[in-house]
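See structure below.
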């Protein structure tokens, strides 16, 4: 036996430590927490009907031929996909963080002047086992069951609940701590985890590696993404449009903040933006133990796409960030980017408080911020005094200059969002549409059948609280203030989710 | 008395103690294929487990299902086992680029890793002076 090799190899079992998986403790069907999230949420829901969006659902959903208000544009044909956590409770247990819920993929099919909806729970191995057992079997990052089944790798609890991307003939449901989950595009059935290294020289070295929920698709179709390990190692992926691996590299950034949600690409560069957060450790849940690090600058690493090596580093004022819209290079070689920047990390913990029906006590909102990373190392930032989250740009502009940035907004301390915005990044002009106090608005996605910014639509969902129904809204992206050109009503509400994608027919 | 004397003399001559006449039957269960080999290490005591200094080791061809191994000539005490299924037959446990095993592995007592390999406390078992054959088992974690 090659003892030295064997010892070294077995020692690598310690790598499990770096996945951010929870430690488990014992006794079934109960959580370790003394707080009864389910009871607290039910009580709060009676007083605040807006919380219904965080109730979750228990079954797949389907509705044909939605009732349409307004006029469905003739050139609007295709599928609007969305993803989000939808199974939040089983029995007496309610998850303690919104990020823990099992994913449900939504498909709004738009064809021949009609809109149909399907919502289907993603049949991961975890979901199927728990569905059969009629109870949660696995602890989550924050919710610790007293007798969880063993979790030996991140994909054991991959809930595939964050975003959705059509790749080749499939859909990939994405969750940042594990591998992508492959779905059949027509049936939405689960087809297994995506094995990126298969049939390439990478082999099993990529098995179970994290593949973030925010891949960037260049206009020519190439897919770029990253995966974060809390040791500070980040893998960069480059795939072709069919999802086949072209190149990858692991970079040791030494960023041990514990969470990295999004990134950016330009035509020639990959940008890793490392927020000012740290892991406090202890016996709290994984998300619960993450804290803001006000002494730690927000750092931007600029890597070249060819060698995937760090070329430049920039330090910005301390901030936390979930999402970015776009980045591009100007003629002088400076990099322009935007970010929805938070002054602290409270927003992450708000998503736990909401699970107990608690509304934020203090301001937890981000602001849209335009950032210039000059070639000479200087940095310039321009923040706009408005709430901003879920920033998106027209897909055809990814990595290239965009004129418009789209995002959700709201008044301070809203349960979610109530406004959609279009910001002209050239002149700062803002167009917006406020849905009104009865609505909770989810991410809206820009797209253009012609690929032009001056003829684009914005599509997204919103929950109408008084009637407990969700609706699909289509706007002329350049005339948001006029309200939706088309609104299609579901006969039910959808759990508030995260990210979507419009796929033109 | 004569018998005891003979035994003592034999023990001195061979450098062994009769206390070594114990064995461990260890079953590795749920091997998923006959590809490659099983690499198995037996550790005696916590220090050796932590240092990665095995008391004994075996390599055997993998076979689908359950495989029984026997470690003989053991003295009473605390032990722990760890193993991996080297499916691609490259002599090491393959991992992904973040160090997470991509081949099957396991520990005695069917101890499970949670954020880290199982501890010695989770994996240890005792071979007692009054038990000639001790049994233990574990499923392979893939």
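The values are calculated or read from the model by the stated rules, or taken from the named source; none is laboratory data. Quantities reported herein were computed from a predicted structural model and do not represent experimental measurements. Every residue, glycine as well, gets a Cβ built from its backbone with ideal geometry; the counts of neighbours run over all protein chains shown.
Need a quick list: strands (runs of 3 or more DSSP E) entirely within region A:375-494 having at least 3 residues that are in contact with a strand residue (DSSP E or B) (Cβ under 7 Å, 6 or more places away or on another chain) and closer than 30 Å to residue A:316 by Cα.
On the way: elements: A:379-383, A:389-392, A:404-409, A:419-424, A:430-434, A:439-447, A:457-464, A:469-476, A:486-489.
Counting at least 3 such residues, we get A:379-383, A:389-392, A:404-409, A:419-424, A:430-434, A:439-447.
Could we say that residue B:79 is at pLDDT 95 or above and either within 13 Å of chain A (Cβ to nearest Cβ) or under 30 Å from residue A:195 (Cβ atoms) (or both) here?
No; evaluated as a whole, the condition is false for this residue.
So residue B:88 clears everything in (1) within 18 Å of residue A:207 (Cα to Cα); (2) buried (at least 18 other Cβ atoms within 10 Å of the Cβ); (3) touching a helix residue (DSSP H, G or I) at 6+ places or on another chain (Cβ under 8 Å) except one condition, right? Which one?
(2)
Within region A:331-360, how many residues turn out to be free of Cβ contacts under 8 Å to residues at least 40 places away in the same chain and part of a loop (DSSP other than H, G, I, E, B)?
Result for region A:331-360: 2.
Do we have residue A:313 as part of a strand (DSSP E or B), touching a residue at least 24 places away in the same chain (Cβ under 8 Å), surrounded by fewer than 20 Cβ atoms within 10 Å (Cβ to Cβ) and touching a strand residue (DSSP E or B) at 6+ places or on another chain (Cβ under 7 Å) here? First the steps, then the outcome.
Numbers: part of a strand (DSSP E or B): yes; touching a residue at least 24 places away in the same chain (Cβ under 8 Å): no; surrounded by fewer than 20 Cβ atoms within 10 Å (Cβ to Cβ): yes; touching a strand residue (DSSP E or B) at 6+ places or on another chain (Cβ under 7 Å): yes.
No, not satisfied.
Here is a yes/no grid of residues against (1) touching a residue at least 60 places away in the same chain (Cβ under 8 Å); (2) within 14 Å of another protein chain (Cβ to nearest Cβ); (3) touching a helix residue (DSSP H, G or I) at 6+ places or on another chain (Cβ under 7 Å); (4) not in a loop (DSSP other than H, G, I, E, B):
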{"residue": "A:179", "(1), (2), (3), (4)": "no, yes, yes, no"}
{"residue": "A:183", "(1), (2), (3), (4)": "yes, no, no, yes"}
{"residue": "A:188", "(1), (2), (3), (4)": "yes, no, no, no"}
{"residue": "A:195", "(1), (2), (3), (4)": "no, yes, no, no"}
{"residue": "A:200", "(1), (2), (3), (4)": "no, yes, no, no"}
{"residue": "A:204", "(1), (2), (3), (4)": "no, yes, no, yes"}
{"residue": "A:208", "(1), (2), (3), (4)": "no, yes, yes, no"}
{"residue": "A:211", "(1), (2), (3), (4)": "no, yes, no, no"}
{"residue": "A:214", "(1), (2), (3), (4)": "yes, no, no, no"}
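I need a count of the residues in region B:104-117 that are surrounded by 21 or more Cβ atoms within 10 Å (Cβ to Cβ), more than 7 Å from chain A (Cβ to nearest Cβ) and in contact with a strand residue (DSSP E or B) (Cβ under 6 Å, 6 or more places away or on another chain).
Selection size over region B:104-117: 4.
Looking for something at pLDDT 95 or above and part of a helix (DSSP H, G or I) - is there at least one such residue anywhere in region A:133-152?
Yes, there is a match, as at least one residue in region A:133-152 is at pLDDT 95 or above and part of a helix (DSSP H, G or I).
Just to verify a result, which residue in region A:153-167, among those that are modelled with pLDDT of 95 or more and part of a loop (DSSP other than H, G, I, E, B), is farthest from residue A:191 (Cα to Cα)?
Residue satisfying both the conditions and the ranking: A:162.
So, in region B:34-59, exactly how many residues are touching a strand residue (DSSP E or B) at 6+ places or on another chain (Cβ under 9 Å), farther than 18 Å from residue B:73 by Cβ and either more than 12 Å from chain A (Cβ to nearest Cβ) or in a strand (DSSP E or B) (or both)?
Total satisfying the criteria: 8.
Condition (residue is free of Cβ contacts under 8 Å to residues at least 24 places away in the same chain, on the phi < 0 side of the Ramachandran plot and surrounded by fewer than 23 Cβ atoms within 10 Å (Cβ to Cβ)) applied to region A:145-152: is it met by at least one residue? Please lay out each step first, then the result.
Pass one, region A:145-152, residues free of Cβ contacts under 8 Å to residues at least 24 places away in the same chain: A:149.
Adding the requirement that they be on the phi < 0 side of the Ramachandran plot leaves A:149.
If we keep only those that are surrounded by fewer than 23 Cβ atoms within 10 Å (Cβ to Cβ) as well, we get A:149.
Yes, the conditions are met somewhere in region A:145-152.
Could we say that residue A:325 is in a loop (DSSP other than H, G, I, E, B) and surrounded by fewer than 21 Cβ atoms within 10 Å (Cβ to Cβ) here?
No, not satisfied.
Return yes or no: is residue A:48 in contact with a strand residue (DSSP E or B) (Cβ under 7 Å, 6 or more places away or on another chain) and loosely packed, with under 15 Cβ neighbours inside 10 Å? Break it down stepwise before answering.
Numbers: in contact with a strand residue (DSSP E or B) (Cβ under 7 Å, 6 or more places away or on another chain): no; loosely packed, with under 15 Cβ neighbours inside 10 Å: yes.
So residue A:48 does not fit the description; no.
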